[in-house]
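These notes are about the structure you will find just below.
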Amino acid sequence: MSESLPGQIPIFPLFGIILLPNTILPLRIFEPRYLQMLKHSLKNDQVIGIIQPREMDEEELYSIGCLGRIEHSKKQTNGNYMIRLQGEIRFRILRELETETLYRQVEVDYTAFAGDSQETLREKEMSLLYEVFKNYTARKTLRIEWEKLEKIPAHYLVNILCMNLEFTPLEKQALLEAPSLDERHDQLITLMKMAVAEEENSSTHFIN
């Protein structure tokens, strides 16, 4: 684990959105408090913590989020910013800091997630993931370029699906908090199967 990881970080609470290690999250920054946060981050550690509030529009946060490093930022003509965050490592909040900034800051610990940067899947039969995902996309009528998808490294594919598929905020948090990439892979397959089953049940009820 890098010694350069900051012990105190600004956080960007986003309901229904997670960041995972070794993935990219594009964001548009437009609220004054987060523009202030971004400008501070660009001048200092260039990191932002992405974390979910427990409920929409509530202050209480989950205890685990993911540190993102700003790999690209572009100021728009209206003063807003488009940025890309590179997921680095998950963190656990130790305490929230009292500050005078418009944005929130926390003290964090990375100890439990030291292996995030070297995440790898154990030897798995990826055909199961592809099969379940194909069923999921068919039920959700999603268009996928399968030739390109099958070239994506397995560890990256698992994480980007966890971030981008239509799971509930609670389900996404469970995927974020999975102890290992292997367990996240298994949870992802379970959630996709559940989504397919729900779609099938809905179709059956509609026909009846």
Qualifying residue in the stretch 4-13 (condition: in contact with a helix residue (DSSP H, G or I) (Cβ under 8 Å, 6 or more places away or on another chain) and in contact (Cβ under 8 Å) with a residue 60 or more places away in the chain): yes
Leading residue by the ranking (surrounded by the most Cβ atoms within 10 Å (Cβ to Cβ)) among those in the stretch 149-172 that are over 19 Å from residue 26 (Cα atoms) and modelled with pLDDT of 95 or more: 171
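Count, please, the residues in the stretch 28-43 that happen to be open to solvent by 20 Å² or more (accessible area, probe 1.4 Å) and touching a residue at least 12 places away in the same chain (Cβ under 8 Å). Don't jump to the end; show me each part of the working.
Residues of the stretch 28-43 open to solvent by 20 Å² or more (accessible area, probe 1.4 Å): 28, 30-33, 35-36, 39-40, 42-43.
Then keep just the ones that are touching a residue at least 12 places away in the same chain (Cβ under 8 Å); that gives 28, 30, 32-33, 35-36, 40, 42.
Summing the residues that are open to solvent by 20 Å² or more (accessible area, probe 1.4 Å) and touching a residue at least 12 places away in the same chain (Cβ under 8 Å) in the stretch 28-43 gives 8.
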Qualifying residue in the stretch 70-93 (condition: open to solvent by less than 100 Å² (accessible area, probe 1.4 Å), over 20 Å from residue 25 (Cα atoms) and out of contact with any helix residue (DSSP H, G or I) (no Cβ under 9 Å at 6 or more places or on another chain)): yes
Qualifying positions in the stretch 122-158 - more than 25 Å from residue 199 (Cβ to Cβ) and under 18 Å from the mean Cα position of the chain (by Cα): 153, 154, 155, 156
Residue 185, sole failed condition from (1) in a helix (DSSP H, G or I); (2) within 28 Å of residue 27 (Cβ to Cβ); (3) open to solvent by 50 Å² or more (accessible area, probe 1.4 Å): (3)
Count of residues meeting criterion [in contact with an Asp or Glu (Cβ under 9 Å, 6 or more places away or on another chain), surrounded by fewer than 13 Cβ atoms within 10 Å (Cβ to Cβ) and without any contact (Cβ under 8 Å) to a residue 40 or more places away in the chain] in the stretch 95-137: 1
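Please indicate, with yes or no, whether at least one residue in the stretch 112-126 is assigned to a loop (DSSP other than H, G, I, E, B) and closer than 22 Å to residue 15 by Cβ. I'd like the intermediate steps shown before the answer.
In the first step, residues of the stretch 112-126 are kept if they are assigned to a loop (DSSP other than H, G, I, E, B); the result is 114-115, 119-125.
Within this subset, residues satisfying the condition of being closer than 22 Å to residue 15 by Cβ are none.
Taking every residue of the stretch 112-126 in turn, none turns out to be assigned to a loop (DSSP other than H, G, I, E, B) and closer than 22 Å to residue 15 by Cβ.
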Residue within the stretch 45-62 that is modelled with pLDDT of 95 or more, open to solvent by 30 Å² or more (accessible area, probe 1.4 Å) and farther than 24 Å from residue 175 by Cα present: yes
In the stretch 15-48, the residues that are at negative phi, in contact with a Pro (Cβ under 8 Å, 6 or more places away or on another chain) and not aromatic (Phe, Trp, Tyr): 37, 40, 41, 45, 47, 48
In the stretch 9-57, the residues that are among the aliphatic types (A, V, I, L, M) and within 13 Å of the chain's Cα centre (by Cα): 14, 17, 18, 19, 20, 24, 25, 27, 48, 50, 51
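The values are calculated or read from the model by the stated rules, or taken from the named source; none is laboratory data. All values reported here derive from a predicted model rather than from experimental measurement. Virtual Cβ from ideal backbone geometry, glycine too; neighbours counted across all protein chains shown. These accessible areas exclude ligands, DNA and RNA; they are computed on the full protein's heavy atoms, side chains included. Shrake-Rupley method; radii C 1.70, N 1.55, O 1.52, S 1.80 Å.
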